[in-house]
1. Among the listed residues B:S204, B:S208, which satisfies the condition of being out of contact with any Gly (no Cβ under 7 Å at 6 or more places or on another chain) and either small (G, A, S) or on the phi > 0 side of the Ramachandran plot (or both)?
2. For the stretch B:276-305, how many residues meet the condition of being touching a Gly at 6+ places or on another chain (Cβ under 9 Å) and among the acidic types (D, E)?
3. Please find, among A:L42, A:L31, the residue that is at the interface with another protein chain (Cβ under 7 Å from one of its Cβ atoms) and either in contact (Cβ under 8 Å) with a residue 12 or more places away in the chain or out of contact with any strand residue (DSSP E or B) (no Cβ under 7 Å at 6 or more places or on another chain) (or both).
4. Can you report the number of residues in the stretch B:130-178 which are closer than 15 Å to A:T99 by Cβ and not in a helix (DSSP H, G or I)?
5. If I filter the stretch A:126-147 down to residues being within 7 Å of chain B (Cβ to nearest Cβ) and more than 21 Å from B:E432 (Cβ to Cβ), which single residue comes out as surrounded by the most Cβ atoms within 10 Å (Cβ to Cβ)?
6. Tally time: how many residues in the stretch A:57-93 are within 20 Å of B:C219 (Cα to Cα), more than 10 Å from chain B (Cβ to nearest Cβ) and open to solvent by 50 Å² or more (accessible area, probe 1.4 Å)?
7. Which members of the stretch B:233-248 meet the condition of being under 16 Å from B:Y314 (Cβ atoms) and either in a helix (DSSP H, G or I) or open to solvent by 10 Å² or more (accessible area, probe 1.4 Å) (or both)?
8. All but one of (1) surrounded by 23 or more Cβ atoms within 10 Å (Cβ to Cβ); (2) within 7 Å of another protein chain (Cβ to nearest Cβ) hold for B:F253; state the number of the condition that does not hold.
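The values are calculated or read from the model by the stated rules, or taken from the named source; none is laboratory data. Values in this document were obtained by computation on a predicted structure and should not be read as measured data. Every residue, glycine among them, receives a Cβ derived from its backbone with ideal geometry; neighbour counts consider all protein chains shown. Accessible surface areas use protein heavy atoms only, side chains included; no ligands, DNA or RNA. Shrake-Rupley method; radii C 1.70, N 1.55, O 1.52, S 1.80 Å.
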Amino acid sequence: MSERSWLLQFPDQELLLEAVDRARETGLKVLDAYAPYPIEGLQQRVGGPVTRTSWLIFLAGLSGAALGFALCSWSAVWAYPFQIGGTPLFSWPAFLPITFECGVLLAALTAFVSVFAQAGLPRYHHPLFDFEAFRAASYNGFFLQVRGDYEAARQLGGVFHAE
Amino acid sequence: MKWIEGRHTPETVSARIAGVILQPPHQRLWWQLLGLSALGVLWLVVSIGVLLYRGIGVWGVNRPVGWGLAIVNFVWWIGIGHAGTLISAILLLARQEWRTSINRFAEAMTLFAVCCAGLFPLLHLGRPWYFYWLAPYPNRMLLWPNWRSPLIWDFFAVSTYLTVSLLFWYLGLVPDLAVMRDRATSLWQRRIYGFFALGWRGSSRHWSVHQRAYLLLACLATPLVVSVHSIVSLDFAAALVPGWHSTIFPPFFVAGAIFSGFAMVVTLVIPLRYLFSLQDFITERHLDAMAKMLLLTSILVSYGYLCEGFCAWYSGLRPEISTALDRFQGVYAPIYWVLLLGNSLAPLCFFWPAARRNIRVLLVVSVLINIGMWTERFIIVVQSLSHEFLPAAWRLYTPTIWDWGLYAGTLALFSFLMLLFVRFLPVLSISELSKQAVEESHE
């Protein structure tokens, strides 16, 4: 039997998690699992990459803050030096609110973009959407996509959809 | 603790919430309300038009009361927005599960409130068409903004707040838009929801990056929300006007913002759960939890009032003492008494559990708080300015029809956007409630 990928549907998260573990034991390659809500530890069990973008977002926040501070300092000291209320030109405490806001803004934008960059979205169409049954993945069904032997895939239970 | 009533599965949760959009109940009422708010929006457009054509003189502002209703409304609206971020971000980090039922709705409220708020400082500029001078950009006049002014901090804080709130809201919305795409029956609904769902498939990879980013955005939104109203309060605290120049202002404003925002959430959520039969998800226990938040923030705000009075007395400065006494005895005293009634006295009834679970009491008190918080901003802005240092300069301020027109117009704009939101987007978070329903069924 040739190696193909199969889509299995389960009624709840326990059966899905159980099937993920059994599929790996029986030598099937687990491609992905789909659920209507986040299931803790599912990504680790599926064996997909768990990327940590926290450091990237942290760096973005730092550079946003640095940019904000640099903008204030440069324009207040060099580009447009102007005496206001007897304060020194480089009155840095007054620049901190904007420094903070710029940092948060850039970090938040990075966090948002990183979701879609990592998830490969936006993507208007996907072959899985051709399955009428897969429409339930967002609100009712728990799906498992495996590659491997037909018999082994059949053994996992659930509703079987060929791909 | 069980937060969802009845037995629910992801299927029933999504059917109930998507049903609000796909088989909309109360269509007639919705159209009537939408029509009414559209008229109000028209009135807003007229008020703005008159303002632009004839200038700031159409308002009641004068010397020394240069900040009239425009700034009162700005602070009030921004404050209302804060509850949405508090519910969605801070309560998420604090693992308060009851937030799940109200966060989506409260976040939408935040967005619309910030939109209404943003209008006022711009219109208040006098020549609003030059508002972009606030932004730092290289220009042929070789001018740069004055970074030492709290007003420019405001510009940065409010625009960052709007952007981050929008990102947070949309990120939470994407999986639910996918539910709408998949549950919708008509082709166009599927296409439109599908477009905005960005191809979400709910794969484990999607969820893992989504959850991580959602949590990080919550971590970013938490200090942000505290910074925004602190910065708004610095507009006042950095000035020398008696009644403004006080270090208590930033925490006092943040507490007041959360207080007024929660009151608005309660005011809106009571009809919402009733009209759309969402009592299973927004239970009496949720209302109880919100009433406790109202009680807590009411006490914090009342502490702020006490502190203001104490600081005025302790300063020994005659203008400060005179302003503080004028609140009780002056022309604006009735407004101050409304403030104390609405913000400090009425919420105390929430010490009784029966009051926290009584819908009528909740609705009446939350509306009183909304009014009370508006009068608080009126007292801070108008009363303080009208009672400046020199008695010779004292002058009262009376709002004109165009002041009120703008305020009423933004109320209409807010309800117009809210009505569109409940009609076209899932009012509660389907994926989060599904997860909660499954977890609770295991308990």
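1. It is B:S208.
2. 1
3. A:L42
4. 4
5. My answer is A:L128.
6. Residues that pass the stated criteria total 4.
7. Hits for the stretch B:233-248 are B:G243, B:H245, B:S246, B:T247, B:I248.
8. For B:F253, the failing item is (2).
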